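Everything below concerns the one structure shown next.
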């Protein structure tokens, strides 16, 4: 069906393919197509991407617990009952090991995916979610000893909590975001799924993030055995607010606004919660030795704010309220504080770190005995440029002229 779509470009065929793909729970799986529109400010033109993966059986038990309780999470969401799904369908979730990356996922890749994007397919047929655990593991290992936490965390206790619970907190946030967040809620009858236009991507990512953040500190997470205590949730709250208010600014050039949908979403949430929490000093900015830090003083109150913002963004999506969606993104997610931006970039530069991480694909050589596949040898290239030249030489099927 996917091949038929590539040959014809028929979007009805693409829909039928996505329905079949969402129902496929094979051990070896893939994502492949012109899918995400994050790179287009108008939210129309999709980039091509591909991920080949296989299921991490042990870690998938975590996402199975979450997906098996999808109806409970939907029923207890802090949104208007009109916007809740009465019956959650077909939430397929797994933790994967990525074997190959391509297109917009290479060399920089997401850490989780939830597809298909079409709201009507999600509602009628379900969705498939993955957490890319070997990718998050690699990021965590690369960050050890980098000095990043020591530079941007206010206290040594915050650093230690991040090192102890950071990987679990990050993976659970991704699980909840992808498995349940994107698939939660519903549009009111007659509402067009494209009503939010160019703000759709940022608002949808904010909705999924808020769903995950809200539930990370729910007693249900301890009851299900997903976290040992709420320090896991606090670790993620620290990291999320720190990133949304400060550290993601390392990826923005001085004088520029935020354009990327995920980054707009994170700043929107962080600044909205910071401003709404000012009367109760929920989130505090402190300056120590000339450096700005972010401290959360009331985690429970912050969770309440996450719930309030989730309820509003769900309303915006369910009702197709373009004006309110635009105001949220433009007021909180786009503009950058120039003085804080300058400070963050200078502090980050001293660490000699790159703002983005990337991956090279392994080379796989099949081994046969008597015509039967018995093993696969894996080789890791040392150099990204070398790999790109290899791909160009061996897989450049298009002519070098237009």
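Hey, with R₀ at 45 Å, roughly what FRET efficiency would residue 160 and residue 68 work out to, going by the Cβ-Cβ distance, to 0.05?
In this case the efficiency is close to 0.85.
When all alpha-carbon pairs of region 108-220 are counted, what percent fall beyond 22 Å?
45
Suppose each label sits 7 Å from its Cα in the direction of the beta carbon; what would the residue 365-residue 20 distance come out to in nanometres?
In this crude spin-label approximation the distance works out to 3.5 nm.
With a Förster radius of 41 Å, plug the Cβ-Cβ distance of residue 375 and residue 193 into 1/(1 + (r/R0)^6) and report the FRET value to the nearest 0.05.
In this case the efficiency is close to 0.35.
Rounded to the nearest 500 deg cm²/dmol, what is the calculated helix-only ellipticity per residue at 222 nm for the chain, with -39500 (n - 2.57) per DSSP H run of length n ≥ 4?
-14000 deg cm²/dmol
Ratio of alpha-carbon Rg to the 2.2 N^0.38 Å globular estimate for the chain, to two decimals, please.
Normalised Cα radius of gyration, the chain: 1.00.
Can you pull the three principal axis extents for the Cα set of region 280-378, in Å, largest first?
For region 280-378, the Cα extents along the three principal axes come out at 72, 46, 28 Å.
Looking at the chain, what % of its DSSP beta bridges pair antiparallel, to the nearest 5?
85
Exposure proxy check: 77, 396, 129 ranked by fewest other beta carbons within 10 Å?
396, 77, 129
Would you mind checking the radius of gyration and Dmax of region 180-256 based on alpha-carbon positions, in Å?
When restricted to Cα atoms, region 180-256 yields Rg and Dmax of 16.3, 47 Å.
Relative to the present Cα-Cα distance, how much length would full extension add between residue 2 and residue 140 at 0.36 nm per residue of separation?
46.2 nm
Read the figures in this text as sums done on the coordinates, not as results from a lab. Quantities reported herein were computed from a predicted structural model and do not represent experimental measurements. Positions of Cβ are generated from backbone atoms using ideal geometry, with glycine treated the same way; all protein chains shown enter the neighbour counts.
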